[in-house]
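Peer 1: Okay, handing you the structure first.
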Amino acid sequence: MTTSKQKITPHLWFDKEAREAAGFYTSLFKGSGIKNTTTLHNTPSGSVDIVTLELSGQEFTLISAGPYFKFTPAVSFLVACTTKEEVAALWRELSEGGSALMELGEYPFSEKYGWLQDKYGLSWQVMFMGGREVKQKITPTLLFVGKQCGKAEEAVNFYASLFRNAKAGDILRYGEGEEPDKAGTVKHAAFTLEGRDFAAMDSAHEHNFTFNEAISFMVRCDTQEEIDYFWGKLSADPEAEQCGWLKDKYGLSWQIVPTVMDEMLRDRDEKKMARVTEAFLKMKKFDIAKLKKAYEG
């Protein structure tokens, strides 16, 4: 398992199943394990479990915080597989109790591919890469639908402009005759933020879902200046600002969190934890000085 700090971490919101799901996901991927489990008390959701884990060396955070948000395919996780057998095995495990969005089969872009929602509702794309090099096992993929359809390229450029070590990569576009998708819009775009791969796609088909808080991206910040910077650039909906959470102009949720909170929330001193929890629940944008003050009592 890697120890280098991941700047941007996918954050998955469950009703009660974060611990169970963490066990399930870490059993599926090589080089995986649970790094930390913390329980916060006296939150608006009651007692909340937070599980940090690594899947194939990539960090994810899972939280059990009540039935408020449901996963949608607007954010899915593409798993790059080097053999067709691996695709079949992952599909078998992930599809149990779930549902297929694109059946496992042969497609123009892959000899073995499928898109599904697992038993928790989380969306995965499982893909045989052929001879292509696999640099990152799991790639978060953003699907721009409804009002956001046609904005994938703009979003990719926007995100790439905000982060260090970031760039917009190759774009595959829809051609004429691929209605309802408009020629020139994004069939698939690759981009890198803080050294991590992401992907984006437009889809003009009728979808009854969009981005929501069930999946957000946590950005770890070392300084207040950095928190202020990302908050200022990303937040586009004052109604959505709460406890470090915000929504950007495309409706995607982010959490702008101070790195020091990791250590604070791992402290076994329950009084310190309670003070920090009480302090951060009152905040919209996080204030490192106030959090430290609460922690130190």
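The values are calculated or read from the model by the stated rules, or taken from the named source; none is laboratory data. This is a predicted model, so every value here is computed, not measured. Cβ coordinates were reconstructed from backbone atoms using ideal geometry, including for glycine residues, and neighbour counts include every protein chain displayed. Accessible surface areas use protein heavy atoms only, side chains included; no ligands, DNA or RNA. Shrake-Rupley method; radii C 1.70, N 1.55, O 1.52, S 1.80 Å.
Peer 1: Does T52 count as in contact with a Lys or Arg (Cβ under 8 Å, 6 or more places away or on another chain), open to solvent by 30 Å² or more (accessible area, probe 1.4 Å) and within 29 Å of K271 (Cα to Cα)?
Peer 2: Against the criterion (in contact with a Lys or Arg (Cβ under 8 Å, 6 or more places away or on another chain), open to solvent by 30 Å² or more (accessible area, probe 1.4 Å) and within 29 Å of K271 (Cα to Cα)), T52 does not qualify.
Peer 1: Another question about this same structure. Considering (1) in a helix (DSSP H, G or I); (2) in contact (Cβ under 8 Å) with a residue 12 or more places away in the chain, say which one I50 fails and leave the rest.
Peer 2: Every condition holds for I50 apart from (1).
Peer 1: Let me ask something additional. Testing D181 on (1) part of a strand (DSSP E or B); (2) in contact with a Lys or Arg (Cβ under 8 Å, 6 or more places away or on another chain), one condition comes back false. Which one is that?
Peer 2: (1)
Peer 1: F71: under 25 Å from F198 (Cβ atoms), in contact with a Phe, Trp or Tyr (Cβ under 8 Å, 6 or more places away or on another chain) and assigned to a loop (DSSP other than H, G, I, E, B), yes or no?
Peer 2: Against the criterion (under 25 Å from F198 (Cβ atoms), in contact with a Phe, Trp or Tyr (Cβ under 8 Å, 6 or more places away or on another chain) and assigned to a loop (DSSP other than H, G, I, E, B)), F71 qualifies.
Peer 1: Condition check: at positive phi and at pLDDT 95 or above. Does S56 satisfy that?
Peer 2: yes
Peer 1: Residues in the stretch 228-240: is at least one open to solvent by 20 Å² or more (accessible area, probe 1.4 Å), more than 23 Å from V145 (Cα to Cα) and among the small types (G, A, S)?
Peer 2: Taking every residue of the stretch 228-240 in turn, at least one turns out to be open to solvent by 20 Å² or more (accessible area, probe 1.4 Å), more than 23 Å from V145 (Cα to Cα) and among the small types (G, A, S).
Peer 1: Can you pull out every residue in the stretch 64-85 that is open to solvent by 20 Å² or more (accessible area, probe 1.4 Å), touching a residue at least 40 places away in the same chain (Cβ under 8 Å) and not polar (S, T, N, Q)?
Peer 2: P67, Y68, F69, K70, F71, L78, K84
Peer 1: Can you name the condition, by its number, that T210 falls short on among (1) closer than 30 Å to I50 by Cβ; (2) open to solvent by less than 40 Å² (accessible area, probe 1.4 Å); (3) among the β-branched types (V, I, T)?
Peer 2: Unmet for T210, out of (1) closer than 30 Å to I50 by Cβ; (2) open to solvent by less than 40 Å² (accessible area, probe 1.4 Å); (3) among the β-branched types (V, I, T): (2).
Peer 1: Still on this structure, I have one more. Among S32, S27, which is at pLDDT 90 or above, hydroxyl-bearing (S, T, Y) and buried (at least 16 other Cβ atoms within 10 Å of the Cβ)?
Peer 2: S32
Peer 1: Also: Are any of the residues in the stretch 84-101 touching a Ser or Thr at 6+ places or on another chain (Cβ under 8 Å) and under 20 Å from I215 (Cβ atoms)?
Peer 2: Yes, there is a match, as at least one residue in the stretch 84-101 is touching a Ser or Thr at 6+ places or on another chain (Cβ under 8 Å) and under 20 Å from I215 (Cβ atoms).
Peer 1: So which strands (runs of 3 or more DSSP E) stay within the stretch 75-148 end to end and still have 2 or more residues that are closer than 20 Å to Q58 by Cβ?
Peer 2: Of the strands (runs of 3 or more DSSP E) lying wholly inside the stretch 75-148, those with at least 2 residues that are closer than 20 Å to Q58 by Cβ span 75-81, 110-117, 123-128, 138-144.
Peer 1: Now, a different point. Considering only the stretch 153-185, how many residues are under 22 Å from K247 (Cα atoms) and either open to solvent by less than 70 Å² (accessible area, probe 1.4 Å) or not acidic (D, E) (or both)?
Peer 2: The number of residues fulfilling the criteria is 14.
Peer 1: Is at least one residue of the stretch 7-27 part of a strand (DSSP E or B) and either more than 30 Å from S203 (Cα to Cα) or touching a Gly at 6+ places or on another chain (Cβ under 6 Å) (or both)?
Peer 2: The answer is no; no qualifying residue exists.
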